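Take a look at the structure below.
FYI, it's all coordinate maths here, none of it is from the lab. Predicted, not measured: the structure shown is a model, and the values here were computed from it. Note that each Cβ is placed from the backbone with ideal geometry, even for glycine, and that neighbours are counted across all protein chains shown.
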Amino acid sequence: MIDDDPLWDPEAAPDAELVGLRAMLAPYSVAARGIARWPALRIVRRRRSVGRWWPLAAAAVMLIVSGLHHHRLQWEAGRSWALDGPMRTLAEGQRIATGDAGTSIEVARIGRIELSPDSVLRLVETRTAHHRVDLEHGHLRARIWAPPGYFGLSDRHREIVDLGCDFEVWKQADGSGRAIVHSGWIAWRSGMDEQLVPAGFEVHFDGERITLPLRMDAEPALRQAMAAFETQRLSPHGDHDAFARVADRVADVAQDTDAITLLSLLTEYPELASGRLYPRLARALGVSVDPTHRRAWQTGSREAIDAWWARLPVQPKRWWLNWRDAWA
Amino acid sequence: MDAYLQPTTAKPVAFDVALWTRAARRGSQQAFAELYTRFAPLVHAILLGRTRPALADELTQECFALAFARLDQLREDGRFGAWIAVIARRIELPSREALAEVPEEIPDPQATPEQRAEAARVLGAISSLPEAYRETLMLRLVEGLGGAEIAALTGLGAGSVRVNLHRGMRLLRAALGITEDAIAKETSP
């Protein structure tokens, strides 16, 4: 099916501006430059030297000696989970549907899920360091004691990954829902999109998008401003000035405790640093407005953005994707 | 130039990233080739937004060589695309001085000097945009991918890609000093 938006669908009715730009820039593509095929370079895998691994081996021995922690994190691939109620166990690929009463599920040995009444959950995959469930609809509360990324909720569209915490998720059958974090952090991931949500914050999501994190006890004025911002954000044909105006309104009503919301917003839309959000966030973080830093932020400089994330009093457990130690 | 306008290398959505990544871990040359063919436009688009075209070409292959050599550091096989995108965003570029010694190359010998200068100006304007718009527009305007292909390649939702494309185009027009009036004049019969 052909979409009538030529920017989206190259097969749509041609647009003179796009055709011109495409013709001008096509010589820079991988196909035009002759690098579309893998040149079969020899891949040299890095060898782990005995010397480098000796301290880790020693640490592993210490863990084995201390015993329980190591054992707790291990889980045979595909092994069933224990649960309260008549089913007793939940196997990989199996669903559990609660009726009038909820149930409690052991997440391997690393935590527990409380599944509310009228909920359906499927165990997608379970093995050491990787346990995934799909909450098809309903509500759950998960308390996990494991390194970041061990546990998560995943479906076709997204993953909500535990970064060592206690959180709740409500989900409708149409894929929309809400998540709140009681302690630690969660990361919401969809493709290359990642949103970090700390304790005390909530997010709403649909089949595709997630809102920016908002304090659970946010003032009504900020809730209203963020709702207006989210509406503009989802509108591909929205007016840029209107987008900047609703962002400024967020800055006007935000408090210092809303720094995460402002930081998340400016991280996703760095061009909005030209408006009132940047000085408001600077005030919330207790830093002065530096024109050089601001200009760098506006162009999306990771260094500039990371420098202010690093000022948060509580840091997320370092996650591998959009965080500064993702690639060193 | 028309030959470049054919759809490029993105493969259908059914491409199983985890499967090919697992095969690459075992050293399969076919898996290296499949992953490269699939993700080279993404890596190249990211690098083109960071540096000059000749260097972007070279670094594209270097990013893959690095990634394949360090596959043991990738925690989830299905996320190879997101992982190599991070590598492309963070790979160290040569210093300004070293770059100055690399001669300028002519990407399209058939183009006039004015056309080449205009292409460089547009490429520079896209490179000045924030990352989300820059990368999406590079994939659309340079690599020639459609929105659905960009969504499949980046793992972003279709709505996000559409928003990035439209908002990015508005910012690009502003950066190039193109007004809405000029577009209306250009496109009117």
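Of the residues A:232, A:291, A:278, the one whose Cα sits farthest towards the positive end of the charge dipole of the stretch A:217-309 is A:291 (charges of +1 on Lys and Arg Cβ, -1 on Asp and Glu Cβ, taken about the Cα centre).
With R₀ set to 60 Å, the beta-carbon distance separating residue A:157 from residue B:110 gives a calculated FRET efficiency near 0.85.
Between residue A:306 and residue A:124, the simple label model (points 7 Å from Cα in the Cβ direction) yields a spacing of 2.8 nm. Ranking A:181, A:110, A:207 by how far each Cα lies toward the positive end of the dipole of the stretch A:81-211 (charges on Cβ) leaves A:110 at the top. Taking only the C-alpha atoms of the stretch A:81-211, Rg followed by Dmax gives 13.4, 40 Å. Using the average count of surrounding beta-carbon atoms within 10 Å as a protection proxy, the listed peptides A:265-277, B:157-169 rank, highest first, as B:157-169, A:265-277. Each 5 Å bin from zero holds the following percent of Cα-Cα pairs in the stretch B:10-90: 3, 16, 30, 25, 16, 8, 2.
For the pair residue A:109 and residue B:95, label points projected 7 Å from Cα toward Cβ lie 5.3 nm apart. Here residue B:121 and residue B:26 are evaluated by their C-beta separation; at R0 = 45 Å the FRET efficiency comes out at 0.45. Mean partner shielding of peptide B:154-161, defined as the number of other chain Cβ atoms within 10 Å of each residue Cβ, is 6. Placing dummy labels 7 Å off each Cα toward the beta-carbon, the span from residue B:16 to residue A:88 is 3.4 nm. At R0 = 25 Å, how high is the FRET efficiency between residue A:9 and residue B:33 if r is their beta carbon distance? Nearest 0.05 is fine. My answer for the efficiency is 0.30. Under 16 Å from a label point set 7 Å out along the Cα-to-Cβ vector of residue A:97, the amide N atoms of the stretch A:112-146 belong to A:116-123, A:135-139.
Counting, for every residue in B:162-175, the Cβ atoms of other protein chains within 10 Å of its Cβ and taking the mean gives 4.
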